[in-house]
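The values are calculated or read from the model by the stated rules, or taken from the named source; none is laboratory data. Because the structure is a prediction, the values reported are computed rather than measured. Backbone-built Cβ (ideal geometry, glycine too); neighbour counts: all protein chains shown. Side chains are part of the model used for accessible areas, which takes the heavy atoms of the whole protein and leaves out ligands, DNA and RNA. Shrake-Rupley method; radii C 1.70, N 1.55, O 1.52, S 1.80 Å.
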Amino acid sequence: MDENSLTSDPTTWKGSNFVSVKQLTPSGLQLLFSVSRSMKSLVRTSGGDARLSPHVLANVFYEASTRTSCSFQAAMLRLGGKVLCVNESSSSVKKGETLGDTIRCLECYADVTVLRHPVKGSAAEAAGATVKPVINAGDGVGEHPSQALLDTFTIEDEFSETGGLKGKTVVLLGDLKHGRTVHSLAKLIARSGIDGVTLRYCSPDILRMPEDVKEEVEKYGIKQEEFTDLKSALNGADCLYVTRVQKERFENEEDYEKVKDIYIVDNEVMKAAPSGCIVMHPLPRVGEIKEEVDQDPRAAYFRQMENGMFVRMALLALVLGKSGK
């Protein structure tokens, strides 16, 4: 994986793997956003087109997924492509096949592979075993780079009339230790080249943002603040990004029980939040945002999910050389 390899030149994307936000330059991010906006307009006006009609996507998921898996499938289908779906129960990994062999075999049938795997570093391993592009759809507690793209795009879109992400204060709430979505989002915001952003990390002490992520963000001069009290973290905030406490990542269930309900976003919290503060969540939620909040116009998480399809349409078009740019 080459850092800063994906730029505003579309040829740098064609045939490339996408396993980490570290590959993006600020100009490359803006290209991705430009293509994403084009995809949004395309879907709104005609539903899609056939630019990827000769191509096949291998959608390989070794962990449960609804949104990421379905949005990649929908993205490929809306651009005229076809999809092969593979999960742990249907793959030869049950027979002892290595990840590298599985990916090598699938590239015989497909033009691009999307991989979700429970082990950190697995996407980079798969990318090293193939010639055709691999897109990281989440590798354990490592990264979830396409989620970071759609999250950053959503913030830009929600605040399009007030400068986008520039100058905004973003609160990352919940399980910051295990949450690959917040790891990737913090790194991407730092690398974006967008000025004046403040990142606030709000979590219990045992779920704090990892030091390596904070050190990466610090390199870019982004202001970082840490909180345990949600009300304090929300003071002057523009975006509240909520994450669930991930039971499956805990070795000790007793530790999970202590923190699982420590932050609940409900109408009372929303009353205390700034009037323009949007709420985002990568979903699924398991009680950390009450359904009553769905009626609040500041609840952006379902708009966020739709943006995921537009961003992944753009990502697939770029790596397959059909972005139109």
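See the values below:
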item: Of Tyr201, Gln295, Leu52, farthest towards positive along the dipole that unit charges on Lys, Arg, Asp, Glu beta carbons give the chain; result: Leu52
item: For the chain, calculated [θ]222 nm from helices alone, where every DSSP H run of n ≥ 4 adds -39500 (n - 2.57); result: -11000 deg cm²/dmol
item: Between helix 180-191 and the chain: long-axis angle, C-alpha atoms, 0 to 90°, nearest 10; result: 90
item: Cut-off 13 Å between beta-carbons: net charge of the residues surrounding Asp294, Lys and Arg +1, Asp and Glu -1; result: 0
item: Inverse of mean 1/r across different Cα pairs in the range 161-308, Kirkwood, Å; result: 15.6
item: Dipole in debye (nearest 20) - the range 71-211, about Cα centre, beta carbon charges: Lys, Arg +1; Asp, Glu -1; result: 180
item: Sulfur and carbon atoms: percent of accessible area, the range 264-311 [1.4 Å]; result: 52
item: Amide proton proximity set for Val119, modelled H, under 5 Å, gap of 5+; result: Gly140
item: Cα lying deepest toward the dipole's positive end in the chain, options Ala137, Thr98, Leu32, charges on Cβ; result: Leu32
item: Point-to-point label distance, Ser53-Arg104, nm (Cα→Cβ direction, 7 Å offset); result: 3.5
item: Neighbourhood charge, 11 Å Cβ-Cβ cut-off, centred on Leu79 and excluding it, Lys, Arg +1 and Asp, Glu -1; result: +4
item: Count of Lys pairs (Cα-Cα under 24 Å; at least 8 positions apart or interchain) in the range 73-188; result: 10
item: Spin-label pair Glu292/Lys120, simplified geometry with 7 Å Cα→Cβ offset, distance in nm; result: 3.8
item: Under 18 Å from the Cα of Lys271 - aspartates and glutamates, other chains or at least 8 residues apart; result: Asp229, Asp238, Glu288, Glu291, Glu292, Asp294, Asp296
item: Placed amide H near Asn4: partners under 5 Å, 5+ positions off or other chain; result: Gln23, Leu24
item: Karplus 3J(HN,Hα) series, Hz, for the range 147-162 with 6.51 cos²θ - 1.76 cosθ + 1.60 (x for Gly, Pro); result: 5, 4, 4, 5, 5, 5, 4, 5, 4, 4, 5, 5, 10, 4, 8, 10
item: Cα-derived Rg over Rh, computed across the range 30-140 with Rh taken as Kirkwood radius; result: 1.00
item: Per residue convex hull volume, Cα atoms of the chain, in Å³; result: 128
